[in-house]
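Single-structure report; data block below.
The values are calculated or read from the model by the stated rules, or taken from the named source; none is laboratory data. Keep in mind that this is a model prediction, so the values were computed, not measured. No Cβ is skipped: glycine too gets one built from the backbone with ideal geometry, and neighbour counts run over all protein chains shown.
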Protein chains: 2
Amino acid sequence: MKLFDVVSTKEALNVMKENFSFKLSEEKVSFFNSVNRYVSQDIESEINVPHFRKSLVDGYAVLAKDVFLASESNPVPLNLIGESYMGEICNKILDSEEAVYVPTGGMVPVNAEGVVMIEYAEKLGEDTVLIEKGVSLNDNIVEIGEDIKEKERIYEKGHLINERDIGVLAGANINSIPVYKKVVVGIISTGDEILDLDEGIRDAKIKDINSYMLYGQLSKISCEPIIYPPAKDNLEEIIELMDKAINECDMVLISGGSSVGKKDETIRAIESFENSKVLIEGIAIKPGKPTIVASVNDKLILGLPGHPLSCGFVVEAIVKPFILSLFNAKKDNRIILCEFAYNYHKSKGREEYIAVDIKEESRKIICVPIFAKSSVIKHFANCDGYLKIDRELEGIHKGEIVKVNLF
Amino acid sequence: MKLFDVVSTKEALNVMKENFSFKLSEEKVSFFNSVNRYVSQDIESEINVPHFRKSLVDGYAVLAKDVFLASESNPVPLNLIGESYMGEICNKILDSEEAVYVPTGGMVPVNAEGVVMIEYAEKLGEDTVLIEKGVSLNDNIVEIGEDIKEKERIYEKGHLINERDIGVLAGANINSIPVYKKVVVGIISTGDEILDLDEGIRDAKIKDINSYMLYGQLSKISCEPIIYPPAKDNLEEIIELMDKAINECDMVLISGGSSVGKKDETIRAIESFENSKVLIEGIAIKPGKPTIVASVNDKLILGLPGHPLSCGFVVEAIVKPFILSLFNAKKDNRIILCEFAYNYHKSKGREEYIAVDIKEESRKIICVPIFAKSSVIKHFANCDGYLKIDRELEGIHKGEIVKVNLF
């Protein structure tokens, strides 16, 4: 018995990072299929964006000195020497008192100092335009590289590509980008009570909530989860399945029950492998204490608690942070500050996770804890986010500002 | 010219909803492929979860009256009449001074009043157990349907399935669920300056930022975007492409330039169809004014502004809300309250969208506006969210609490 080996989530995470420092492989994906993937190398722009001086508006490219006194009551006539065509190089050079028509997005003459919007100009015949407004330097002109410079690092290694980024990639002329391969995670459910997907409900047997919730949670963070058929409470069956999963996956989650017998069985299965080591038996969190961290043939094996709420929070507490560290993932925008709705007392010594709902009340954001038995899944699925209360705290006061992790 | 036809985003959205009240088709998907899909019918649980009285812990099922005085110093001996096996029906009935061992997740005897954790019990031989703690009614027992009741409506029509919901669906014995079909959105870029995907940068021609950004933004909200090859500024080519897209898609976005000529061309292309009507020419937002809403053969056609920032914000302002209304989408959790970082002045009469970054400062969340020319894409991709400033406001004061839409 290793009763006192219970570690903090921080220690658990460190143990995982130290023992499983494997480097994820990379692959190239087309830029428009890169959303929700983690960039595996710094990405530089191949070109200046824009790569030519461009007009922001429909208007007349001019020299500033020609029009600095122009106004509606004192329009300045300029010689219209031609126009710039969309997509074409504009070779025109402005001489004193000359103007060139440029459409929005068109290239301006190389020495243009500003573009006067058509609203402030009036064409007189073919060759003359009356300008009714002055320009300051580079008015309505986008400079070369003003959006993105050639060789500019647009994404750091570890950046998560979002849906707007693919516009940037398109603009920067990057057709494919290197990303980390998805982490292949094996999911094994064990238990005589677990029904397979196509089995009807009977006796005291249940559908496998955890495996599918894990599938959902992992799919969201660039993993490729593989759900194996549930194993009965039979050591040999579990070992056989584990062996298969270890060979096929980067890491394996054993979503077993929370009973003492099941935990012991998972540990026996792990220890039956020659090159194996149980690193952690129990983590100081609520819910989620009966979590096992082990190594088999240098692959990470996690034994997760059976109660769905516990299992879900262990994923948030250590599984996700570990996987995100493999991707070198950067900042997380999902954390917001809220006012806590009640006085809440907790025991010292373990980190606590509480599902919360967020509501707005007189221009403040309030987070309302949802208390439920750890076997209950509905509220965890419905809630807006969760609160992590530090190990050494003894509770939270009503009105205290807390950090909520949004789902 | 319809110079004064500029409408508010609210009016635009109403026009879209009134004119295009098409009902999306439904399809059945397996529950574990339902993440990010919108449920098209109310979903009821097929079973009680759990469907049997279940123990939350490893322990001894007892009658409360037998152990109400039990303590460590005054343990109560009970007759151990057997155990409950995982997944099996437990037929045992407790008589006075009897106990049954139940593992976590196992079924408790029908008349069990509570379960005493093994930590508070000591087995004496095969037939006796010493109980060291009393129970109150239903201690450590999960009642039938306590998580989810049979026929309980677990999801309303319009609910967006999240990654944890699939655990709930698994538990509720729902193998497939009805969801709205993805909205098929055609994306057409027009312009002599637009390069196709495999063309190298040359002259004053550019890669098509908007189409790919639209692809990303729409993919995120249960759409199936189809990008058509870019059309040159040639009315016949545009009409041909529009005709194809109208036939193949539920709605069509024409991502054209922002020049007057291009806008007119888009309108001419729309009006060349027999059954067509331009409903809106211009929306009172900044950026994004030159937006066209039209109908061709009862399909919604949107002409979007060419500047990427404008295009992106028009999607946020009217395209997403319209599509989400087709899905009967419910609450949006992405809105948070922040303190505005500066004094900011705007003109009355148009709604304004500003990209913002969020930062934490002395237990407050501050949002910092990012100002950029509307042709610039980088900041829009990098920002944390955006602020919508109402039409009638003349600005925001430093320190004012504002609502930020997180991306």
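Against the definition (modelled with pLDDT of 95 or more and of a type in the set (D, E, K, R)), how does residue A:113 come out, yes or no? Here the answer is yes, as residue A:113 does meet what is asked. Out of B:140, B:175, one residue alone is in contact with a Leu (Cβ under 6 Å, 6 or more places away or on another chain) and within 14 Å of chain A (Cβ to nearest Cβ). It is B:140.
Regarding the stretch B:312-328, can at least one residue be identified that is among the basic types (Lys, Arg), in the same structural domain as residue B:17 (by the TED database) and on the phi < 0 side of the Ramachandran plot? For the stretch B:312-328, residues among the basic types (Lys, Arg), in the same structural domain as residue B:17 (by the TED database) and on the phi < 0 side of the Ramachandran plot: present. Determine whether the stretch A:15-28 contains at least one residue that is aromatic (Phe, Trp, Tyr) and either in the same structural domain as residue A:298 (by the TED database) or modelled with pLDDT under 95 (or both). Checked against the condition, which is being aromatic (Phe, Trp, Tyr) and either in the same structural domain as residue A:298 (by the TED database) or modelled with pLDDT under 95 (or both), the stretch A:15-28 yields at least one hit. Of the residues making up the stretch B:340-374, those that are within 13 Å of chain A (Cβ to nearest Cβ) and touching a Lys or Arg at 6+ places or on another chain (Cβ under 7 Å) number 2. Can you find, within the stretch B:277-298, the residue that is farthest from the other protein chains (Cβ to nearest Cβ) among those that are outside any strand (DSSP E or B) and closer than 23 Å to residue A:56 by Cα? So the residue we want is B:284. What do you reckon, is residue B:133 more than 10 Å from chain A (Cβ to nearest Cβ), part of a loop (DSSP other than H, G, I, E, B) and within 25 Å of the chain's Cα centre (by Cα)? The answer is no for residue B:133.
Which residues, taken from the stretch B:375-391, are more than 8 Å from chain A (Cβ to nearest Cβ) and closer than 19 Å to residue A:51 by Cα? Within the stretch B:375-391, B:379 is the sole residue that qualifies.
List the strands (runs of 3 or more DSSP E) that sit entirely inside the stretch B:157-270 and contain at least 3 residues that are buried (at least 24 other Cβ atoms within 10 Å of the Cβ).
On the way: elements: B:176-180, B:183-189, B:223-227, B:251-255.
The qualifying strands (runs of 3 or more DSSP E) are B:183-189, B:251-255.
Taking the stretch B:7-32, which residues are over 30 Å from residue A:198 (Cα atoms), under 21 Å from the mean Cα position of the chain (by Cα) and part of a helix (DSSP H, G or I)? Within the stretch B:7-32, B:13, B:17 meet the criteria. Residue check: residue A:6 meets all listed conditions (1) out of contact with any Leu (no Cβ under 8 Å at 6 or more places or on another chain); (2) at pLDDT 95 or above; (3) farther than 25 Å from residue A:159 by Cβ but one, namely (2). So how many residues does the stretch A:236-276 have that are away from chain B (no Cβ under 14 Å) and either out of contact with any helix residue (DSSP H, G or I) (no Cβ under 8 Å at 6 or more places or on another chain) or of a type in the set (Phe, Trp, Tyr) (or both)? Result for the stretch A:236-276: 18.
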